[in-house]
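Have a look at the structure below, then the notes.
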Amino acid sequence: MPHLFESKDSFKENFKEAVSDAYGRDFEDTYPEERYIVLGNMIRDFAGEHWRETKNAIKKTESKQLYYFSMEFLMGRLMTSNLMNLNIYDVVKDGLKDLGMDINDMENIESDAGLGNGGLGRLAACFMDSLASLDLAGHGNCIRYRYGLFKQKIENNQQIELPDCWLKNGNVWEVWKPQHAVKVKFGGYVDGYMDGYGKFHAQHHPDFVVRAVPYDEPIVGYHTTTTNTLRLWDAEVDEDSVNSGGLNEYLNQVTAITANVYPDDSTIEGKRLRLTQEYFFVCAGIDQIIRSHLRVYPSLDNLGDKVAIQLNDTHPVLVIPELMRVLLDDYFYDWDDAWNIVTKTVAYTNHTVMAEALEKWPQDMVRSLLPRLYMIIEEINRRFKYDVDHRGLCGIFNNVSILKEGQVHMANLAVVGSHSVNGVAKLHSEILVNDVFKDFVTIYPNKFNNKTNGITHRRWLLFSNPQLTKLLEETIGDEFKTNPEKLEDLMAHVEDEALQTKFMDVKLERKKILAAYVKENLGIDIDVNSIFDCQAKRLHAYKRQLLNIFHVMYLYLRMKQDPSFRIYPRTFFYSAKAAASYDLAKEIIKLINMVANVVNNDPEISKYMKVVFIPNYSVSIAEILLNAADVSEQISTAGKEASGTGNMKYMMNGAITLGTLDGANVEIVERVGYENAEIFGLHVEDINELRHENSYNAWNLYNSSYNIRMVIDSLKNCTWSNDPNEFKLINNDLMMRNDEFFVLADFEAYVYAQEKVQARYMDKSRWAKTMLINIAKSGYFSSDRTISEYAKEIWDLKPLSFEK
Ligand SMILES: *Cc1c(COP(=O)(O)O)cnc(C)c1O
């Protein structure tokens, strides 16, 4: 069947007419934003046909479906990705060109969908792309936040948070579905009564009801028919309710639910609003799953055969008691039958071992906001205790209890109520089994497994680095596009000097693109022949941006002191948002920017190095920053970074990893070999030992190391700021609170590793070979591999069949 993207001419004709019809003006008189909206809608509607076919195929073949519940989806922009996945990029690009338009201008009108904090949300987005591209029926469930995390601006060297109005030009990908609205109930009280059969029935009298209204986005696979759904729930008022606080309070309360992404992914504050958000999208998502299941099947008995639910961290863990509630109260299941269905359906992914980031809620808050769910959580815990005691394991119950010390421990609830618990890198999963969930392993020895994270090679290689993609095609053919493990074929060519030269030219071209962005947006001139050394990720003490900037400070101070000490030219790039309430992180941003001012304005030293802080780290920034890198900084304190995915994006674009043995860095080195990465620093075991024996003392390092003393003293002696107290939090964190993340402990090793990086760079051919090896070995880190493992080992999900 011919379609309007069939040819350039048909596209042009239809597009011009659609724009003109939509705005009642000649095409020539319309605005770029208007054209963008029409183009987006045309692409979405084009995907609509596959969307329908996918839904029909699922129904007809009674296929199992996955629902990925995540508080965050960091999708970035979708225009390029959708056009390429639908295989209509060139038609549209050429057609627009004929109309005097540049496709890049259209692409640049789109705002990033920044519905997330960082890695966790970006993982969810990569998973969506892989699911559809592998013909797996897997949908996303999240909140339609009106504002993204925040837009970061740097003013007087400091982070300013501005609203991120990602919807200001509308969202061309979404379809509003008010007919699928769900009522979500909060607060109030629960009445219970026994029926004639002695069965308990609960009646919830809520204080507060909101309507959850879905907006659906099609998620199109790469050259596949499969088109899944990302469902984002908006909160609207319910015409028939108001709460005890009156109309205005009710309206404000409803508006607040979907206002903002919770601006912190690593610490939890007792925020009732956050708990409200969590239940809001969980309740709505479960309701939709139940209803669509019952449209096809007579009962919920086979829910676990037809539906898999994956919990992305503990934020959606209320899925477990909510699904119990529906089965018990609405469909009158017995407890044991309901519990079997729930645990068969639900699986949980852990993302952190940081104690302060393991989610806990005050019992009183859960009881008052979600009275019926709280009763169910109590009963889950009571039965769990009975079970543990009966296995003769009563000594450990207190460690694994869901309710203790007045709090609901969400990770414990997740482990008890899921059939699978996975970590996100080998090392992380080992730490879960040996430490965080040790006692659970005794109870459920078979529940735990590893699924090393991945990234979609389509966005992070094919679309964001067309220059490298082209070179790879010329060298190894294009099979790697659909089978990324085929990148390994590049190993046969890594010694080829002609290829090495071509590759270095590609890298140079990417560096020029980044340099142009930096010049245009920040007014800084950078040397594209310098080593591009990049650290871009959320700002957090454990990620140790501080260690990185300390190295820069050390180099500067040493070059100032010793005119015979000079380095090979380097540009240090940083990009990072700090949570608005995280004062130490914000002070580190300030330090980086103040160091940048001093270094970049020093006429002598700036010949050897520049420091660039790129504001507003986001998917779109990542797309131009990471593939220009020579050095990928992955320097977290060992044991703290669950996996990292930034590390994989750099690797796939050739950068060498300068890293600690943490998260997925371990698996990166395992593949490229120690000779093709630069690994330094304390290992997890070393750090555990230092902690355990309480033998680490930051002052000893300060007193014994001239370099450390020089750097620390420079924080207070007006080298970077005229105010000696400017960096007090940093100084106190290291020197008064004994450097919790071992920055000083790893400093000398890091400086030495950086010297070795420079030495490697001097051998251009060897360097190019290392970069090519990194690319060749990166196929494993495609999220296609990750998703295939989830599908096989956790979800029991098979590719859809579209036979007529
Ligand atoms: C990949 C990515 C992350 C995760 O980076 P890490 O280095 O793994 O912490 C965060 N934010 C954005 C925008 C990303 O693209």
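Of all residues in the stretch 247-261, at least one satisfies being β-branched (Val, Ile, Thr) and in contact with a Ser or Thr (Cβ under 8 Å, 6 or more places away or on another chain). Restricting 7, 70, 20 to residues that are in contact with a strand residue (DSSP E or B) (Cβ under 7 Å, 6 or more places away or on another chain) and over 19 Å from residue 102 (Cβ atoms) narrows the list to 70. Looking across the stretch 329-338, the residues that are part of a helix (DSSP H, G or I) and free of Cβ contacts under 8 Å to residues at least 60 places away in the same chain come down to 330, 335, 336, 337, 338.
Say whether the condition of being of a type in the set (D, E, K, R), more than 16 Å from residue 343 (Cβ to Cβ) and at pLDDT 95 or above is met by at least one residue in the stretch 386-394. No; the residues of the stretch 386-394 include none that is of a type in the set (D, E, K, R), more than 16 Å from residue 343 (Cβ to Cβ) and at pLDDT 95 or above. Among the listed residues 443, 455, 431, identify the single one that is in contact (Cβ under 8 Å) with a residue 24 or more places away in the chain, within 14 Å of the ligand (Cβ to nearest atom) and among the hydrophobic types (A, V, I, L, M, F, W, C). Of the residues listed, the single one that is in contact (Cβ under 8 Å) with a residue 24 or more places away in the chain, within 14 Å of the ligand (Cβ to nearest atom) and among the hydrophobic types (A, V, I, L, M, F, W, C) is 455. In this structure, residue 100 qualifies as free of Cβ contacts under 8 Å to residues at least 12 places away in the same chain and either more than 13 Å from the ligand (Cβ to nearest atom) or farther than 20 Å from residue 43 by Cα (or both). Within the stretch 694-718, the set of residues being more than 16 Å from residue 736 (Cα to Cα), touching a residue at least 12 places away in the same chain (Cβ under 8 Å) and either of a type in the set (Asp, Glu) or part of a loop (DSSP other than H, G, I, E, B) (or both) comprises just one member, 705.
Would you point out the residue of the stretch 528-539, among those that are among the charged types (D, E, K, R) and within 14 Å of the ligand (Cβ to nearest atom), that is surrounded by the most Cβ atoms within 10 Å (Cβ to Cβ)? Before the answer, list the steps.
Filtering the stretch 528-539 down to residues among the charged types (D, E, K, R) leaves 533, 537-538.
Okay, now just the ones that are also within 14 Å of the ligand (Cβ to nearest atom), so 537-538.
Values: 537: 24, 538: 21.
This residue is 537.
Quick check on residue 677: is it touching a residue at least 12 places away in the same chain (Cβ under 8 Å) and touching a strand residue (DSSP E or B) at 6+ places or on another chain (Cβ under 7 Å)? Before the answer, list the steps.
Working: touching a residue at least 12 places away in the same chain (Cβ under 8 Å): yes; touching a strand residue (DSSP E or B) at 6+ places or on another chain (Cβ under 7 Å): yes.
Yes: the conditions hold for residue 677.
Just checking, does the stretch 551-562 include any residue being touching a strand residue (DSSP E or B) at 6+ places or on another chain (Cβ under 6 Å) and in contact (Cβ under 8 Å) with a residue 60 or more places away in the chain? Outline the logic, then answer.
In the first step, residues of the stretch 551-562 are kept if they are touching a strand residue (DSSP E or B) at 6+ places or on another chain (Cβ under 6 Å); the result is 552.
Imposing the further condition that a residue be in contact (Cβ under 8 Å) with a residue 60 or more places away in the chain reduces the set to none.
No, that holds for no residue.
Table: residues versus (1) under 30 Å from residue 191 (Cβ atoms); (2) among the aromatic types (Phe, Trp, Tyr); (3) part of a strand (DSSP E or B).
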{"residue": "373", "(1), (2), (3)": "yes, no, no"}
{"residue": "377", "(1), (2), (3)": "yes, no, no"}
{"residue": "381", "(1), (2), (3)": "yes, no, no"}
{"residue": "398", "(1), (2), (3)": "no, no, no"}
{"residue": "408", "(1), (2), (3)": "yes, no, yes"}
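Of all residues in the stretch 687-706, those being surrounded by 17 or more Cβ atoms within 10 Å (Cβ to Cβ) and not aliphatic (A, V, I, L, M) number 2.
Quick check on residue 121: is it farther than 21 Å from residue 462 by Cβ and touching a strand residue (DSSP E or B) at 6+ places or on another chain (Cβ under 6 Å)? Don't jump to the end; show me each part of the working.
Details: farther than 21 Å from residue 462 by Cβ: yes; touching a strand residue (DSSP E or B) at 6+ places or on another chain (Cβ under 6 Å): yes.
When the stated conditions are applied, residue 121 passes them.
Which ones in the stretch 111-141 are in contact with a Pro (Cβ under 7 Å, 6 or more places away or on another chain) and within 23 Å of residue 581 (Cβ to Cβ)? The answer is none; no residue qualifies. Of all residues in the stretch 609-626, those that are of a type in the set (A, V, I, L, M) have Cβ atoms under 8 Å from Cβ atoms of residues that are assigned to a strand (DSSP E or B) and more than 15 Å from the ligand (Cβ to nearest atom), 6 or more apart or on another chain, in 609/570; 609/571; 609/572; 611/571; 611/572; 612/571; 612/572. Checking the stated criteria, residue 542 turns out to be in contact with a Lys or Arg (Cβ under 9 Å, 6 or more places away or on another chain), assigned to a helix (DSSP H, G or I) and within 16 Å of the ligand (Cβ to nearest atom).
Residues in the stretch 107-120 that are assigned to a helix (DSSP H, G or I) and surrounded by 21 or more Cβ atoms within 10 Å (Cβ to Cβ) were compared, and the one that is farthest from the ligand (Cβ to nearest atom) is 120.
Inspect all residues belonging to the stretch 129-146 and state whether any of them is within 14 Å of the ligand (Cβ to nearest atom), under 18 Å from residue 174 (Cα atoms) and of a type in the set (Gly, Ala, Ser). No - not one qualifying residue is present in the stretch 129-146.
Name the residue that is nearest to the chain's Cα centre (by Cα), counting only residues in the stretch 365-419 that are of a type in the set (Phe, Trp, Tyr) and within 26 Å of residue 326 (Cα to Cα). Across the stretch 365-419, the extreme among qualifying residues is 374. For the stretch 295-305, the criterion of being crowded, with 23+ Cβ neighbours inside 10 Å, in contact with a helix residue (DSSP H, G or I) (Cβ under 8 Å, 6 or more places away or on another chain) and either hydroxyl-bearing (Ser, Thr, Tyr) or within 26 Å of residue 167 (Cα to Cα) (or both) is satisfied by no residue at all. For the stretch 206-218, does any single residue satisfy the condition of being touching a residue at least 12 places away in the same chain (Cβ under 8 Å) and either exposed (fewer than 15 other Cβ atoms within 10 Å of the Cβ) or not in a strand (DSSP E or B) (or both)? Yes, that holds for at least one residue. In summary, residue 74 fulfils each of the numbered conditions (1) within 16 Å of the ligand (Cβ to nearest atom); (2) over 30 Å from residue 308 (Cβ atoms); (3) in contact with a Leu (Cβ under 7 Å, 6 or more places away or on another chain) with the single exception of condition (2).
Is one or more of the residues making up the stretch 19-28 out of contact with any Lys or Arg (no Cβ under 8 Å at 6 or more places or on another chain), surrounded by 15 or more Cβ atoms within 10 Å (Cβ to Cβ) and over 21 Å from residue 216 (Cβ atoms)? Yes, some residue in the stretch 19-28 is out of contact with any Lys or Arg (no Cβ under 8 Å at 6 or more places or on another chain), surrounded by 15 or more Cβ atoms within 10 Å (Cβ to Cβ) and over 21 Å from residue 216 (Cβ atoms). Taking residue 548 as the residue in question, decide whether it is within 16 Å of the ligand (Cβ to nearest atom) and of a type in the set (S, T, N, Q). For residue 548, the condition - within 16 Å of the ligand (Cβ to nearest atom) and of a type in the set (S, T, N, Q) - is met.
Check every one of the helices (runs of 4 or more DSSP H) wholly within the stretch 413-526 and list those with 2 or more residues that are of a type in the set (Phe, Trp, Tyr) and modelled with pLDDT of 95 or more.
Details: elements: 426-431, 438-443, 466-476, 497-522.
Those helices (runs of 4 or more DSSP H) span 497-522.
Once the stretch 434-458 is narrowed to residues that are surrounded by 19 or more Cβ atoms within 10 Å (Cβ to Cβ) and over 23 Å from the mean Cα position of the chain (by Cα), the residue that is nearest to residue 666 (Cα to Cα) is 437. Pairs are defined by a Cβ separation below 6 Å, a sequence spacing of at least 6 or placement on different chains, a first member in the stretch 527-539 that is in contact (Cβ under 8 Å) with a residue 40 or more places away in the chain, and a second member that is near the ligand (Cβ under 10 Å from one of its atoms) and in a strand (DSSP E or B); the pairs so defined are 535/633; 536/575.
The values are calculated or read from the model by the stated rules, or taken from the named source; none is laboratory data. Not measured: the values here are computed from a predicted model. Neighbour counts are summed over all protein chains in view; Cβ atoms, including those assigned to glycine, are modelled from backbone coordinates with ideal geometry.
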